[in-house]
Each structure stands twice: as structure tokens, then as C-alpha cells.
Amino acid sequence: MTSPLLLAHQGRTLAALGRAALSSVAPRRASTPGATPLPGEWIEDRAPAPPPALVSAFVRGAGGEPAHYRGILPPHLYPQWTFSLASRLFARTPYPLVRVLNAGTTMLPRAPLPAGEPLLLRARLESIDDDGARALLTVRVVTGTRSAPDALTSLLSAYVPLSTAPRGKPKRPRPTVPLDAHELAFRRFGRTAGRDFAWITGDVNPIHWSPLYARAAGFKTCILHGFATFAASVEAVVRARLSGDVARLAQVSARFVRPLPLPRAVGVYLTPAGRLLLGDAPGGDVYLDGELTLT
């Protein structure tokens, strides 16, 4: 079982959530798409090395084997140290942070991240796509250490529904798991999965662990973090296709297309074309829709 003591290592993320909450009550300027030159300027930061207990809890919670990461960090743990920096950049936009939802992510490992070394970070606001109905914000974060600079690049996208959204706009059909997809893993996420992931990453948004709050936010029950589905998908690939050799991951991208209600049993699937999905079953609903590239 994941320990709440892991929250002691989440000071940066918890502080970022606090700043987001305060910004939600402050007056914000009107949205003016194109007013900010993009990509934006780089900002830099440092983060302490994630402790071994946190790394082990993350890997096990994602369905992986900690022994696959001797001396290195799981590259898909990056939300734990990038969330604070991304939040600072999102806060520079005219959009209300309290309404931000995770939309998707891309992970581009270039070299293993050594465990036990402080992390050197730089980030910039990469793009803003505002069509009047919603805004899609993307931040690029580069992570390295002194001995392994620029080892990992990650893109984090956030979706903001806008109050000025036009009604009646046709929606894009939601994807289903293709019938030719191969199941890599089958996972059951229990009622406390959102709480456990919150302790590991510091993303303590109560829609993931408080049924009352989740219902007040419009969900029937708690929903799992998008990055938890991403971690589970990556670990399914590492175990089923790479025999633990995480260095063969060249790129993993994902869109979080549907909230995953808790509890839920789902599969991780891979198509012959390299499409990576987390969903109910072949022909069934998809919660994560992504692409995988291996070396």
C-alpha cells in the first residue's frame, strides 16, 4: 500500500496547487489569442532527486518492477518534478487555472536519468491553441542532471473549457480499441488508486480521491489521473515488449480522451501500427490514446 508519508516529498507540487487556487480568485485579463509570442522564453529550476521509496512506489503502482530501474529514474515519473514548473508557465496565460484539465503528454527520452542526482530543469510555454470553445496549452520541459544533461524532454498539454464556447459545435467521435489490438496487460484500479497516485506525485486534486468533490465537479465517481493511465501504459510496454529495457523507449505520446472512473478494470493495448491505448476491451471505450516508438 502506498504511504501518505510520500506527501512529505511533494512540497513543490503542493505549493504549485496552492498558487493555482489563489490565482482562481484573482482577476484575470481577457483571453487574447496570439498576444503572447510563442514559443516563450525558457525558465530554469532545480528539483531534488526523487527518493528511492517514492520511485519504488511509483513503479509498483504502475504495474512495473523496480529492479528494472537500478541506478536510474523511470522517465515516466516526470510529472512528479515537472508539475510545479508547468504550473508557473500556465499561470502566465490569461486562462483560469482552476479549470485546467490534463489533455495529453509526450515523453522523449534521450538518455537514462541517473538516480540520486539533483534534477536540472528548463521549461517554456510551447503553444496556445484557442478556438473560442476551448484553449489547449502546451509546455515543454527538459530534464537532466549534471552528469546527464538534457536527458529527457516532455510535453505537457492542458485543456481549458471557455465560458464563451459556442453551442452546437459537432464533437469528434471518441475512439474505441481496434479489434486487431494486442493486449499487453490487464489492470484493475481500485477505489483508492487516485489517492495513491496523489501521494506519489503531489497532484492532490480531490476529484481523484473524494467522491463528494468528484460528484460536485460533474463526475459520477472519482476519476483516475491521466498521468496514472500513462504510467500504467508505459510499464505494460516495458514488461511485455522490452523485458525491462526502458532504454529502448524512444517516444511515447498520449491523449487523455475520456476520464477513467474508479474502480475500473482496463487493458493496455498495442496495435500493429504502434498505437498505444488503455481501454475497456477491443471494440470498447478508450481512455488513453497514444503512439509508441521504440529503438
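The values are calculated or read from the model by the stated rules, or taken from the named source; none is laboratory data. Here the structure is a predicted model, which means the values were calculated and not measured. In this analysis, Cβ positions are derived from the backbone assuming ideal geometry, glycine residues included, and neighbour counts consider all displayed protein chains. In case anyone asks, the SASA skips ligands and DNA or RNA and just uses the protein heavy atoms, side chains included. Shrake-Rupley method; radii C 1.70, N 1.55, O 1.52, S 1.80 Å.
For segment 229-275, a tally of residues being touching a residue at least 40 places away in the same chain (Cβ under 8 Å) and farther than 22 Å from ALA111 by Cα returns 20. When the strands (runs of 3 or more DSSP E) confined to segment 97-179 are screened for residues that are over 26 Å from PRO50 (Cα atoms), those reaching at least 3 such residues are found at 119-130, 134-144, 152-161.
Restricting segment 63-83 to residues that are open to solvent by 10 Å² or more (accessible area, probe 1.4 Å) and under 14 Å from the mean Cα position of the chain (by Cα) leaves a set whose member that is modelled with the highest pLDDT is PRO75.
Annotation: of all residues in segment 84-115 being among the hydrophobic types (A, V, I, L, M, F, W, C) and within 11 Å of the chain's Cα centre (by Cα), the one that is nearest to THR295 (Cα to Cα) is MET107.
So, of the residues in segment 174-221 that are polar (S, T, N, Q) and out of contact with any Ser or Thr (no Cβ under 9 Å at 6 or more places or on another chain), which turns out to be nearest to ARG99 (Cα to Cα)? The extreme case among them is ASN205. Of the candidates ARG92, ARG88, the single residue that is surrounded by fewer than 22 Cβ atoms within 10 Å (Cβ to Cβ), modelled with pLDDT under 95, not in a helix (DSSP H, G or I) and not aromatic (Phe, Trp, Tyr) is ARG92.
Against the condition under 14 Å from LEU77 (Cα atoms), of a type outside the set (Val, Ile, Thr) and surrounded by fewer than 22 Cβ atoms within 10 Å (Cβ to Cβ), how does GLY104 come out, does it pass? For GLY104, the condition - under 14 Å from LEU77 (Cα atoms), of a type outside the set (Val, Ile, Thr) and surrounded by fewer than 22 Cβ atoms within 10 Å (Cβ to Cβ) - is not met. Applying a threshold of 7 Å to beta carbon distances and a minimum spacing of six or more residues, or different chains, the list of pairs starting in segment 190-212 at a residue that is over 14 Å from ALA62 (Cα atoms) and in contact (Cβ under 8 Å) with a residue 60 or more places away in the chain and ending at one that is in a helix (DSSP H, G or I) and open to solvent by less than 30 Å² (accessible area, probe 1.4 Å) reads GLY202/THR13; GLY202/GLN80; ASP203/THR13; VAL204/ALA198. Examine segment 150-159 for a residue that is more than 24 Å from SER87 (Cβ to Cβ) and either open to solvent by 20 Å² or more (accessible area, probe 1.4 Å) or of a type in the set (Val, Ile, Thr) (or both), and state whether such a residue exists. For segment 150-159, residues more than 24 Å from SER87 (Cβ to Cβ) and either open to solvent by 20 Å² or more (accessible area, probe 1.4 Å) or of a type in the set (Val, Ile, Thr) (or both): absent.
Hey, could you check segment 183-223 for residues that are of a type in the set (A, V, I, L, M) and assigned to a helix (DSSP H, G or I) and say which is nearest to LEU277 (Cα to Cα)? So, considering only residues that are of a type in the set (A, V, I, L, M) and assigned to a helix (DSSP H, G or I), the one nearest to LEU277 (Cα to Cα) is ALA193. Given the criteria of a type in the set (Val, Ile, Thr), part of a strand (DSSP E or B) and over 20 Å from LEU152 (Cβ atoms), does VAL268 qualify? Against the criterion (of a type in the set (Val, Ile, Thr), part of a strand (DSSP E or B) and over 20 Å from LEU152 (Cβ atoms)), VAL268 qualifies.
A residue that is under 30 Å from ASP129 (Cβ atoms) and touching a Leu at 6+ places or on another chain (Cβ under 7 Å) cannot be found anywhere in segment 54-68. Of all residues assigned to segment 239-260, at least one qualifies as being assigned to a helix (DSSP H, G or I), touching a Leu at 6+ places or on another chain (Cβ under 7 Å) and of a type in the set (Lys, Arg). Do you know which of the residues in segment 245-283 that are among the hydrophobic types (A, V, I, L, M, F, W, C), within 16 Å of the chain's Cα centre (by Cα) and open to solvent by 20 Å² or more (accessible area, probe 1.4 Å) is nearest to LEU294 (Cα to Cα)? Taking the candidates together, the pick is PHE256. Of all the listed residues (THR229, THR271), the sole one being of a type in the set (Val, Ile, Thr) and more than 13 Å from GLU183 (Cα to Cα) is THR229. Note on segment 181-234: residues that are open to solvent by less than 60 Å² (accessible area, probe 1.4 Å) and at positive phi amount to 1.
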